[in-house]
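Note sheet for the following structure.
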């Protein structure tokens, strides 16, 4: 039956109410997708459905106001990992945390990880997530060899070679083509669960961007943190960390007996929502300055554990509550390789506008994959954490959109909570390819989310 | 759908021809709003306000007629507004009300009943119907225009003031009832607003304009605040005024 719940994304903005059901198998899921129950009131004629994994999309992608949200958490079986190919079939609700707890001890790492292990496989596919290795390995769906999709018209097996239109529409399709019930993923072999890391500090943005252009090819993983809160003069100072998985030979003798360790769950937890205004211009600037000065000017060959390198925030459960009752936005955009000027402009806009970013992360993307809504395109990407509160923020982010759209770039839908609907077609000119697939697998327009409705992606399909 | 800043894309305005309502619509249309439904009593005035909204960028502006003297028709009026919107409504603005004429309103029982009906009974009845729609949607915000006249009722306008006091209390209660439903209520308490409705009346201190009130309303949509004052300073002014001894309160001008 399911119970009604108020849901938000990780940014804790725009709550909406939906009936939440957690099917235990594909049979129960199919019943939901074909049942087409009337809305709670009777006034809504269409039932709406969207899948939700661990709720780590920042905006409203995994919400469905007045409709049904499928919690995929119980679809979490992990099959055996093929020792030769590294292929493993896992349920759509499996978290990267659980997969890694199992796989790392056998010497396998996930091919792509975002900044947290707390994402589901289905969510990783729906957002076609990327990690610090995008320039080297591409995004998540490039490592998926097949998946099972539950749609309103039935259960469909798909992969890059089997119904590629459906597969790539699902890759980055924000759950609008169906519910991923399982997927087969090619894992990456590792000798140890540690990373060999080089760190460099730069006093300005030009320096770090040049270093990334020149040196990224020599590293599997690369990402820069940028200070946007240091005032106009120092804004853009950066810390670049790059590395690769450590081999057994890289470990000191004391660690060689146990080279592989599973990641630990969070040790700290934020239970209370912080008071509003805790993260203001002054505290954000102080945090950023501390982060910058803590980093060494240059250090090579440092051994780090995986959690420190990939998932520093996973150590604190519920860290999003620190942003206070109004929540926060993530703004991430991508522009082409020759549009580094947009990165400069964006950082200047925030530094000037009194809308500081708590964390700003800069990375170079490699070529994108064929998904019409897959976010990464070759070039630069900048991700910003913006606490709600400054009255200029709504306008500033609208301005950022215009800059990004004019440069032929796009924003990341898994993080969006406020894009102007007219821009979705500009930023994702191949949107129609997704719509054609939706027409085929979901002709009655059952699958939609608050995100798809807000951005007008269901227009001409459903009422509005 | 409302975005992270609470900017609505669709809006229903009950009493959509008032100056405050039109200022709210202008502000919303300058942001994300595209669908506006205007409801009111006067077809000619509605047509003018609708034309204004289209010129400001609305896709379509259906209009709905209702009579605020007839609470029995309130539910039907609200249903027609939601049907006219053609989908979910992100924000509903309740701007129904009349200032009345204190001298006759306090002596003529029929006039007393009329003011209480237009300012309290009809809006409260309609808001219950709105709440049912918003609950079913699982999201949406109801903005209710109250007044500082209801915060502490004065001798000089106690009929109007008491009707707003009732509406204000009802709205706060409805907001509490809607907690957890995805829907919410924002009560707006403006001071003296310079409009046609108040033309020729003596201005109270901290008099304001429809644009200031409209801004307070859109800010309230953004923050999800339960109560918004316009101008904001009135929150503190009334924190004092509410607690004045009656002997002093009675002697204040206005």
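The values are calculated or read from the model by the stated rules, or taken from the named source; none is laboratory data. No experiment lies behind these values; they were computed from the predicted model shown. A quick note on method: Cβ atoms are made from the backbone with ideal geometry, for glycine too, and the neighbour counts reach across all protein chains shown.
The criterion of being within 14 Å of another protein chain (Cβ to nearest Cβ), under 30 Å from residue A:237 (Cα atoms) and crowded, with 17+ Cβ neighbours inside 10 Å holds for residue A:388. Applying the criterion of at least 1 residues that are surrounded by fewer than 20 Cβ atoms within 10 Å (Cβ to Cβ) and at positive phi to the strands (runs of 3 or more DSSP E) found wholly in segment A:99-198 leaves A:154-158. Filtering segment A:415-430 to residues that are surrounded by fewer than 20 Cβ atoms within 10 Å (Cβ to Cβ) and within 14 Å of chain B (Cβ to nearest Cβ) leaves A:420, A:421, A:422, A:423. Scanning segment B:1-15 for residues that are away from chain A (no Cβ under 11 Å) and part of a strand (DSSP E or B), we see that the one that is farthest from residue A:423 (Cα to Cα) is B:14. Set side by side, the residues A:51, A:65, A:31 differ, and just one is at pLDDT 90 or above, touching a strand residue (DSSP E or B) at 6+ places or on another chain (Cβ under 7 Å) and not in a loop (DSSP other than H, G, I, E, B), which is A:51.
Tallying residues that are within 10 Å of residue A:192 (Cβ to Cβ) and under 27 Å from the mean Cα position of the chain (by Cα) within segment A:229-258 yields 2. Yes or no: segment A:68-75 includes at least one residue that is touching a helix residue (DSSP H, G or I) at 6+ places or on another chain (Cβ under 8 Å), surrounded by 18 or more Cβ atoms within 10 Å (Cβ to Cβ), modelled with pLDDT under 95 and part of a loop (DSSP other than H, G, I, E, B). Looking through segment A:68-75, none of the residues is touching a helix residue (DSSP H, G or I) at 6+ places or on another chain (Cβ under 8 Å), surrounded by 18 or more Cβ atoms within 10 Å (Cβ to Cβ), modelled with pLDDT under 95 and part of a loop (DSSP other than H, G, I, E, B).
From the list A:232, A:269, A:258, A:321, the lone residue that is within 30 Å of residue B:5 (Cβ to Cβ) and at pLDDT 80 or above is A:321. Filtered by the rule that a residue be modelled with pLDDT under 95, in a helix (DSSP H, G or I) and either within 17 Å of residue B:93 (Cβ to Cβ) or touching a helix residue (DSSP H, G or I) at 6+ places or on another chain (Cβ under 6 Å) (or both), segment B:156-208 gives B:157, B:197. One residue stands out among those in segment A:441-464 that are modelled with pLDDT of 95 or more and outside any loop (DSSP other than H, G, I, E, B): the one that is surrounded by the fewest Cβ atoms within 10 Å (Cβ to Cβ), which is A:441. Among the residues of segment A:322-340, count how many are in a helix (DSSP H, G or I) and without any contact (Cβ under 8 Å) to a residue 60 or more places away in the chain. Of the residues in segment A:322-340, 1 are in a helix (DSSP H, G or I) and without any contact (Cβ under 8 Å) to a residue 60 or more places away in the chain.
Conditions tested, residue by residue: (1) in a helix (DSSP H, G or I); (2) out of contact with any helix residue (DSSP H, G or I) (no Cβ under 7 Å at 6 or more places or on another chain); (3) away from every other protein chain (no Cβ under 14 Å); (4) at pLDDT 95 or above.
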| site | (1), (2), (3), (4) |
| --- | --- |
| B:29 | yes, no, no, yes |
| B:36 | no, no, no, yes |
| B:49 | yes, no, yes, yes |
| B:54 | yes, yes, yes, yes |
| B:74 | yes, no, yes, yes |
| B:93 | no, no, yes, yes |
| B:99 | no, no, yes, no |
| B:115 | yes, no, yes, yes |
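In segment B:16-27, which residues are crowded, with 24+ Cβ neighbours inside 10 Å and in a loop (DSSP other than H, G, I, E, B)? Scanning segment B:16-27 gives B:16, B:18. Among the conditions (1) at pLDDT below 95; (2) more than 8 Å from chain B (Cβ to nearest Cβ), residue A:57 misses just one, which is (1). Can you find a residue in segment B:238-249 that is under 15 Å from the mean Cα position of the chain (by Cα) and without any contact (Cβ under 8 Å) to a residue 60 or more places away in the chain? Looking through segment B:238-249, none of the residues is under 15 Å from the mean Cα position of the chain (by Cα) and without any contact (Cβ under 8 Å) to a residue 60 or more places away in the chain. Just one of (1) in a strand (DSSP E or B); (2) at pLDDT below 95 fails for residue A:215. It is (1).
Residues of segment B:72-91 that are crowded, with 24+ Cβ neighbours inside 10 Å and closer than 14 Å to residue B:34 by Cα: B:88, B:89, B:90, B:91. Within segment A:205-216, being surrounded by fewer than 16 Cβ atoms within 10 Å (Cβ to Cβ) and free of Cβ contacts under 8 Å to residues at least 60 places away in the same chain holds for A:206, A:210, A:214, A:215.
Being within 14 Å of chain A (Cβ to nearest Cβ), modelled with pLDDT of 90 or more and part of a helix (DSSP H, G or I) holds for only one residue in B:215, B:235, and it is B:215.
Within segment A:394-413, residues that are farther than 20 Å from residue B:6 by Cα have Cβ atoms under 6 Å from residues that are at pLDDT below 95 and assigned to a helix (DSSP H, G or I) in these pairs: A:403/A:345, counting only partners at least 6 apart in sequence or on another chain.
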